[in-house]
Amino acid sequence: MQKSGLKSAQPSLMWIYFSVLGTVVLIWFLYMLFANQWHLFATHWQISLTMLFGSFVAGSTPQGGAVVAFPVFTKLLQISAPDSRTFGFMIQAVGMVMASIMILVRRIKILPHVILWVSLGGFAGTWLGTYFLILPALFPRILFTIGATSFAVALVISRWVLPCSPKSGLPAWNMLYKLGFLAIGVVGGVFSAQTGSGADMITFIVLTLTFGINEKISTPTTVIIMGINSVFGFLLYGVFIQDIGQVWNFWLVAIPIVSLGAPIGAFVVSLIDRDVLISFILLLIVVELVSTLILISFSAPMIVTTVVAVSACAISFFMMLAYRQQNIAIAT
C-alpha cells in the first residue's frame, strides 16, 4: 500500500508532452501559413487519411506507422518503394517520437538496455541498407509482407501454441546480450532502409519468442526504438543524401495527424488487455498479407526469395523458442 501511495504521489510530467506537442504544431502551422501550403490537403488527402489510422497503429503496436503507410502507398497509391520508405522515416520521426515522449512521461515500463543497443545497431544497419544492400523495386514490398506475416506467426506461437508466464525483464545483462541486440539492430536497420520499418518488429519477435517478455512492455520498448531509428533515417535521407522530393509535401499533410494519433495509441495500449493488443496486430497483418497476394504478381526470383525468407524465419523461430523452453525448464 505504501509503494502504491508513493507512486501516486509522483508529480505528473504530462506538461512536457503538451509543451513539445504545442511546439511541433505551432512550427508546422507557421510554416504552412507563410509558405501558403494549405492546398496540399486537397491534393494529398489520401495521405492524411492513411495516417489517421497509421499513426494510431504506430503508437499502439510494435510495427510503426510504416506498416500502414508502406503497403497503402506502394500498392494502392502507386508511390515508389523508396519514396514510401523515406516517408515512413519522416512521419515516424514525428509520430513515434511523440509517442515515445508519452511513454516516458507516463512512466510506462520499458527495457532501456534493449533500446540502447538495438538503436546503435539500427544506425549501422540503416546505413548499410541505404548504400550497399539495396533491393530491386518489388522486393521490398514482398519482404515487408514476409516480415509482417512472420511477426504474426511469432505472436500466435508465443501466446497460444507455446504460452509461458509473461516476463517483465531480461535475465542478468551481460556482453552476450549487448552483442545480440546490437546484431538485431543491424538486421532491423537494413530492413528499415528498404521499407521504413523493421527494427521494431524484429526486436519484438526476439523479446517475445526468446525471452517471453510481456507484450505490454515490449511494445513501448519497440516504439521508442523505431522513433530513434526514424530520426536517424530522416537525417540520413533529408540532410546527407537530400533525397526527399515530393515526400516533403506528403509529410506536411500528415504532421498534425500523427502528432496526436501516435501518442493516443501509446496511451490506449497501456490500458487494454494484452490479448486485445495481439488480436489487433494480427488483424492488421492478415489485411497486409491478403492485399499482397491479390495486388502483386510474383516472378520466379520473387518466389525463390519468398521461400528462402520464410525458411530463414522458420529456423530462427525454432531456435528462439527452443532457447526459451530450455530456460523455462532450467528455471523450474
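The values are calculated or read from the model by the stated rules, or taken from the named source; none is laboratory data. Note that the coordinates shown come from a computational prediction; the quantities given were computed from them, not determined experimentally. Cβ coordinates were reconstructed from backbone atoms using ideal geometry, including for glycine residues, and neighbour counts include every protein chain displayed. In case anyone asks, the SASA skips ligands and DNA or RNA and just uses the protein heavy atoms, side chains included. Shrake-Rupley method; radii C 1.70, N 1.55, O 1.52, S 1.80 Å.
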Looking only at the stretch 247-261, decide whether some residue is modelled with pLDDT under 80, open to solvent by less than 50 Å² (accessible area, probe 1.4 Å) and in contact with a Ser or Thr (Cβ under 9 Å, 6 or more places away or on another chain). yes
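Say whether the condition of being in contact with a Gly (Cβ under 8 Å, 6 or more places away or on another chain), assigned to a helix (DSSP H, G or I) and at pLDDT below 80 is met by at least one residue in the stretch 30-52.
Step one: filter the stretch 30-52 for residues in contact with a Gly (Cβ under 8 Å, 6 or more places away or on another chain), giving 51-52.
Retained after the next criterion (residues that are assigned to a helix (DSSP H, G or I)): 51-52.
Checking which are at pLDDT below 80 leaves us with 52.
Checking the stretch 30-52: at least one residue is in contact with a Gly (Cβ under 8 Å, 6 or more places away or on another chain), assigned to a helix (DSSP H, G or I) and at pLDDT below 80.
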Please go through the stretch 291-315 and pick out each residue that is open to solvent by less than 60 Å² (accessible area, probe 1.4 Å), touching a residue at least 12 places away in the same chain (Cβ under 8 Å) and assigned to a helix (DSSP H, G or I). SER291, THR292, MET302, THR305, THR306, ALA309, CYS313
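For GLY64, state whether it is open to solvent by less than 70 Å² (accessible area, probe 1.4 Å), modelled with pLDDT under 85 and outside any helix (DSSP H, G or I). Quick ask: steps written out before the conclusion?
Details: open to solvent by less than 70 Å² (accessible area, probe 1.4 Å): yes; modelled with pLDDT under 85: yes; outside any helix (DSSP H, G or I): yes.
Spelling it out, GLY64 is indeed open to solvent by less than 70 Å² (accessible area, probe 1.4 Å), modelled with pLDDT under 85 and outside any helix (DSSP H, G or I).
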Cβ-Cβ distance below 6 Å, separation of 6 or more or different chains: which pairs start in the stretch 111-135 with a residue that is under 17 Å from GLY238 (Cα atoms) and end on one that is of a type in the set (D, E, K, R) and surrounded by fewer than 24 Cβ atoms within 10 Å (Cβ to Cβ)? none
I need a count of the residues in the stretch 247-263 that are among the small types (Gly, Ala, Ser) and not in a helix (DSSP H, G or I). 1
Six or more apart or on different chains, Cβ atoms under 9 Å: show the pairs whose first residue is in the stretch 234-253 and closer than 21 Å to SER48 by Cβ and whose second is of a type in the set (Asp, Glu). ILE244/ASP83; GLY245/ASP83; GLN246/ASP83; VAL247/ASP83; PHE250/ASP83
Checklist (1) in a helix (DSSP H, G or I); (2) over 25 Å from GLN46 (Cβ atoms); (3) modelled with pLDDT under 80 applied to GLU288, failing item: (2)
Does PHE280 fit the bill of being farther than 30 Å from LEU30 by Cα and open to solvent by less than 10 Å² (accessible area, probe 1.4 Å)? no
Considering only residues of the stretch 191-222 that are within 16 Å of LEU120 (Cα to Cα) and open to solvent by 30 Å² or more (accessible area, probe 1.4 Å), which is modelled with the lowest pLDDT? PHE191
